[in-house]
1. Can you pull out the chymotrypsin sites (Phe, Trp or Tyr not before Pro) in the range 243-305 that DSSP calls coil and that have at most 13 other Cβ atoms within 10 Å?
2. Classify the chain as rounded, prolate or oblate, taking a ≥ b ≥ c as the square roots of the eigenvalues of its Cα gyration tensor: rounded when a/c is under 1.5, otherwise prolate if a/b is larger than b/c and oblate if not.
3. What nm value, rounded to one decimal, do you get for the distance between Glu25 and Lys2 when each label is placed 7 Å out toward the C-beta?
4. Compare the Cα positions of Leu303, Ile57, Ala279 along the charge dipole of the chain (+1 at Cβ of Lys, Arg; -1 at Cβ of Asp, Glu; about the Cα centre) and return the one farthest towards the positive end.
5. Suppose every Lys and Arg Cβ carries +1 and every Asp and Glu Cβ carries -1, with no other charges. What dipole size does the chain come out with about its Cα centre, to the nearest 20 debye?
6. Report the Cα centroid-to-centroid distance between the range 89-160 and the range 1-29 in angstrom, as an integer.
7. In a Gaussian network model over the chain where Cα atoms closer than 10 Å are linked, find which of Gly147, Gly186, Gly174 has the largest mean-square fluctuation.
8. Within 10 Å of each candidate Cβ there may be at most 12 other Cβ atoms; applying that plus a DSSP loop requirement, which chymotrypsin sites (Phe, Trp or Tyr not before Pro) in the range 86-174 survive?
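Values in this text are rule-based calculations from the coordinates and carry no lab data. Remember, predicted model here, so these are calculated numbers, not experimental data. Here the Cβ is made from the backbone with ideal geometry for all residues, glycine too, and neighbour counts use every protein chain on show.
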Amino acid sequence: MKKDLLSLLDLEPKDFKHLFDRALELKKRYGRGIMDTRLTGKTLGLIFDKKSTRTRIAFETAMIQMGGHPIYMSTQDTQISRNEPAKDTARVLSRYIDCLAMRTFDHGLVEEFAATSSIPVINALTDSFHPCQILSDIMTVIEHKGGYEGVKIAWVGDGNNVANSWINAASVLGMNLILACPDGHGIRPEILEGSGAETKPNIVLTNDPKEAVKKADVVYTDVWASMGEEAELEHRIKTFQGFQVNKELLSGAKPDVLVMHCLPAHRGEEIAEDVLEAADAAFWDQAENKRHMHKAILEALILNG
Ligand code: CP
Ligand code: NVA
C-alpha cells in the first residue's frame, strides 16, 4: 500500500529513526562524492500554491541527484486554478508521476490529494504542518547535539505550522519540548488533541519566553506572520514584543545553545540580526539538511521501503 507523509503523526518511531539514519548516511556519502541514484527513471511532481526557496529547491536537487526528475507546477499554471477538482487532478497526476509534493494553504486539500491519488503525497507545508522541515531539523539537532533524547528544545514565537510539527514529533518521539507563544497565538486545541500532547509530560506550554529558554539546549523560532497572514504583521509585531530571540533572551539558555530557524527570517522581528549572523549558526546546516532528508523521504515513499 502506498504511504503518504502529510503530518509527523503518520510516522512511527522506527520510521523517524530510519529517515534520520538514512539522511545522515546519504549526506556522508554525497560528501565523499558517491552518487546514490536509486530513483533513476522516477518523477516527482511539485504543486506549490505558496512561495518557496528551500523546500522546492531541496526537493528538486534531491530528485535530480538521485537520478530522477522533478516537475514544478505553480498552481496558477494548472487547471486547479480553473477549479478542476482535486480528486480529478490527483487521479490524472497519478498516471504520470511517481510522487507528489504539495505546498498549499488548507491542509484538507493535501489530505484530499492523498486520499484520491495512487501515488505517495508529501506535505511540503500547509497552514497546519511542515513535517519535512522538522525531520531535517531533528537531523540537525542530532548532528550538533549527538541526539535528541534528553535535549531541551524551546520554541519561542507563534503557534504556527512549524510549531505544530514540533508538537507532533515530540508526541511520537518523547523529546522535551516547551513552547512559549503569546496569548491568543498559542497552539490550536485541535493540534494538541490530535497529537495527544495535553497528556504528555514532555510537552509544556507557556506564554513566558524566559521560562521556555531557561537552560534550553535548542531555541527555535519562526516568523511572527506566516504566509497568508501578512496583513496581520503590524498588529503581531506589537503583540509579540518580548518574544524576539536575541542575546538577552538567550543568556538564560545553556551556554552552548543551538539557535534554529526554518528560514526565511525577518531580522529585527522574531530574531536579532547578530544572532542570525553568528559565525557558528546552524541555520545554514538546517537548510542544507533539507536536501539530504528529502532524499531519504523520497526514497522511502517511492520505493516503499
Ligand atoms: N524553510 C522553508 O520551508 O523554506 P521555504 O519556504 O523557502 O521552502
Ligand atoms: N511558518 C512559516 C514557515 C515558512 C517556511 C510560513 O508558513 O510562512
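1. When the chymotrypsin sites (Phe, Trp or Tyr not before Pro) of the range 243-305 are filtered for loop state and at most 13 Cβ neighbours within 10 Å, nothing remains.
2. Here the chain falls in the prolate category.
3. Simple spin-label model gives 2.6 nm for this pair.
4. Result: Leu303, furthest along the dipole toward the positive end.
5. In debye, rounded to 20, the chain gives about 1080.
6. 11 Å
7. The residue with the greatest mean-square fluctuation here is Gly147.
8. Here the chymotrypsin sites (Phe, Trp or Tyr not before Pro) that fit, given the DSSP loop and packing criteria, are Tyr96.
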